[in-house]
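The values are calculated or read from the model by the stated rules, or taken from the named source; none is laboratory data. As the structure is a computational prediction, the values presented were derived from the model and not from experiment. Methodologically, a virtual Cβ is constructed for each residue, glycine included, from the backbone with ideal geometry; neighbour enumeration extends over all protein chains shown.
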Amino acid sequence: MSEVIEAPGRARGDEGEPARISHWIGGGLVAGSSGHSGPVYNPATGEQTGAVDFATVEEVDRAVQVAKEAFTAWRALSLSRRTELFFRIRGLVDEHREDLARFLTAEHGKVLSDAKGEVARGLEVIEYCCGMPELLKGDFSEQASTGIDVYSIRQPLGVVAGITPFNFPAMVPMWMWAPALACGNTFVLKPSEKDPSASLYTAELLKEAGVPDGVFNVVNGDKVAVDAILEHPDIQAVSFVGSTPIARYVYETATRHGKRCQALGGAKNHMIVLPDADVDMAADAAVSAAYGSAGERCMAISQVVAVGDVADRLVEAITKRIPDVKVGDGMDPGSEMGPLVTREHRDRVASYVAGAPDEGATVVVDGRESSPEGDGFWLGVSLLDNVTPEMRCYQDEMFGPVLGVTRVSTYDEALRLVNENPYGNGTAIFTRDGGVARQFQFDVQAGMVGINVPIPVPVAYYSFGGWKSSLFGDSHVYGPEGITYYTRGKVVTSRWPDPATSRVDLGFPQTR
Ligand code: NAD
């Protein structure tokens, strides 16, 4: 079922050779010169299908220089022309959503329907950005003082960069480049080295839409490329999405180099289930949100907190559903969950299941026993019960198809667990009691809250972001905060007096 994907930026190697995946600089493919590359796999077969070039400091600099050159004309382009281009981008991404999704499945492993969902959510951000004339409107105050008008405008920052994770290779870059370009910035993207082809395909689509060369660039690479971005004097802002230790490092390094930075980190999303919840609905939600995309989502539910006597019924209902989860090649329309992204990651996730009994947790379902055969990076779904906060499987973001259940007696205990957790990305509560749900929304320390909604990813006209160790910086991504992030405010005070009335006045200007 697995198919080889001919991706842009992939010069096919000889028969059986991994394809070479290069950079996109100044409107075309540029082969890397470092001599260093990283393997790209088809996670469903374990086969290395690509080798991605790792950029040198000079190659990153080249991308920044072409983006800097392109900025002058791009920021001067009228809003109506830029909007027209964005409608064309929107049309092309929509037309090619299946192709884009296939790159995701081929390199990330997620099932095709999930990959299409990823593209659809990214497309919503592009659609939001089509409204840029409205979004970039300033304020105007006539006669703020006698004969004086005051107005505000928002202007682009210049060259901005995005550094993205493996788990949403199309959508997360769209969270960044779409608002950045809409606001008049030019962009350098450093995608995950694990699944880079979607970014190169995006570059082709943007070129086809008519985006001028140099406005959107892709440099592939590892820490060398990331550090070159963080330290580059001509990059004004860095957006990052990835794990918390790297997010912290990126935020500290970028801001030390004088840049604006938003760095989104990892997560440990709790789903509280109260005794009055509909158990079947809660179990459906928990299974969907924990095992969808093999748990490799920053908004995945990784921890259920069962309050009071709901626990036994809930664990039973979840357990009953697990054998029905169809694990298989993402290109197979019958599959509901694909493999993990790499062998190392699969082994790391499996080690939490192996270690759970020694920590005192109960392994209700062991996914290692139901993993499909073959060399793919497979791991079936696991369910751990009686998980407590001291355990590694509770503290660490496992980022795999492993769901933990913690049992508590009261709502207050459940709330405390969420609020004491170092992460604060998403959380959810399942209940039929509107009063408690509203209290939860008021009390809980997390950036995105679901009420009977397990994965509360905000729609494109709100902004996405967590609290605590899930976000470094002040600004959430996309939506209104994305527009603010990628622009700088300017306030103009203007008057057109009769020159005959002019005089020297050393007093501080006052409004009258
Ligand atoms: P990662 O932190 O390993 O990598 C993210 C990016 O940082 C990649 O482009 C990678 O090349 C780069 N990078 C990795 N190590 C680096 C280093 N030492 N120095 C400089 N750069 C480095 O994350 P990942 O494994 O690709 O993605 C999974 C993580 O991303 C999870 O923790 C997940 O929760 C998080 N994530 C968060 C959100 C969110 O919105 N908060 C969304 C998606 C993913």
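Picking from residues in the stretch 233-249 that are assigned to a helix (DSSP H, G or I) and of a type outside the set (D, E, K, R), the one that is farthest from the chain's Cα centre (by Cα) is Tyr249.
Within the stretch 371-383, being in contact with a helix residue (DSSP H, G or I) (Cβ under 8 Å, 6 or more places away or on another chain) and part of a loop (DSSP other than H, G, I, E, B) holds for Phe377, Trp378, Leu379, Gly380, Val381. Scanning the stretch 457-512 for residues that are closer than 30 Å to Met299 by Cα and polar (S, T, N, Q) yields Ser463, Ser469, Ser470, Ser475, Thr484, Thr487. All of (1) within 16 Å of the ligand (Cβ to nearest atom); (2) over 23 Å from the mean Cα position of the chain (by Cα); (3) among the acidic types (Asp, Glu) hold for Glu252 with one exception: (2). Filtered by the rule that a residue be over 22 Å from Ser371 (Cα atoms) and either assigned by TED's automatic domain parsing to the domain that holds Asp222 or aliphatic (A, V, I, L, M) (or both), the stretch 41-54 gives Ala51, Val52. Only a single item in (1) touching a Pro at 6+ places or on another chain (Cβ under 8 Å); (2) under 30 Å from Pro179 (Cα atoms) is not met by Leu417, and it is number (2). Listed by position, the helices (runs of 4 or more DSSP H) inside the stretch 126-216 whose residues that are within 16 Å of the ligand (Cβ to nearest atom), aromatic (Phe, Trp, Tyr) and under 30 Å from Thr105 (Cα atoms) number at least 1 are 171-182. Scanning the stretch 460-474 for residues that are out of contact with any Asp or Glu (no Cβ under 7 Å at 6 or more places or on another chain) and in contact (Cβ under 8 Å) with a residue 60 or more places away in the chain returns Tyr461, Phe464, Gly465, Gly466, Ser469, Ser470, Leu471, Phe472, Gly473, Asp474.
Would you point out the residue of the stretch 52-85, among those that are buried (at least 19 other Cβ atoms within 10 Å of the Cβ) and not in a helix (DSSP H, G or I), that is farthest from the chain's Cα centre (by Cα)? If we take residues in the stretch 52-85 being buried (at least 19 other Cβ atoms within 10 Å of the Cβ) and not in a helix (DSSP H, G or I), then Thr56 is farthest from the chain's Cα centre (by Cα). Being within 25 Å of His476 (Cβ to Cβ) and touching a Ser or Thr at 6+ places or on another chain (Cβ under 8 Å) is a property that Ala277 lacks.
Every condition in (1) charged (D, E, K, R); (2) over 30 Å from Ala414 (Cα atoms); (3) in the same structural domain as Gln395 (by TED's automatic domain parsing) holds for Asp234 except the one numbered (3).
State yes or no: is Gly265 closer than 25 Å to Thr484 by Cβ and more than 15 Å from the ligand (Cβ to nearest atom)? Spelling it out, it is not the case that Gly265 is closer than 25 Å to Thr484 by Cβ and more than 15 Å from the ligand (Cβ to nearest atom). Exactly one of (1) more than 16 Å from the ligand (Cβ to nearest atom); (2) closer than 23 Å to Gly400 by Cβ; (3) touching a Ser or Thr at 6+ places or on another chain (Cβ under 8 Å); (4) of a type outside the set (Val, Ile, Thr) is unmet by Pro333. Its number? Checking Pro333 against (1) more than 16 Å from the ligand (Cβ to nearest atom); (2) closer than 23 Å to Gly400 by Cβ; (3) touching a Ser or Thr at 6+ places or on another chain (Cβ under 8 Å); (4) of a type outside the set (Val, Ile, Thr), the one that fails is (2). Could you list, in sequence order, all residues of the stretch 86-120 that are in a helix (DSSP H, G or I) and among the basic types (Lys, Arg)? Within the stretch 86-120, Arg88, Arg90, Arg97, Arg102, Lys116 qualify. The C-beta contact set for the stretch 165-184 (first residue not assigned by TED's automatic domain parsing to the domain that holds Pro245 and buried (at least 24 other Cβ atoms within 10 Å of the Cβ), second residue assigned to a loop (DSSP other than H, G, I, E, B) and at pLDDT below 95, distance under 6 angstrom, 6+ apart or interchain) is empty.
Restricted to the stretch 390-453, the set of helices (runs of 4 or more DSSP H) holding at least 2 residues that are at negative phi, of a type in the set (A, V, I, L, M) and in contact (Cβ under 8 Å) with a residue 60 or more places away in the chain comprises 411-420. Over 26 Å from the mean Cα position of the chain (by Cα), of a type in the set (Val, Ile, Thr), closer than 14 Å to Asn269 by Cα and in the same structural domain as Arg297 (by TED's automatic domain parsing): does that describe Thr410? Here the answer is no, as Thr410 does not meet what is asked. Restricting attention to the stretch 459-489, the residues that are within 11 Å of the ligand (Cβ to nearest atom), in a loop (DSSP other than H, G, I, E, B) and not small (Gly, Ala, Ser) add up to 2.
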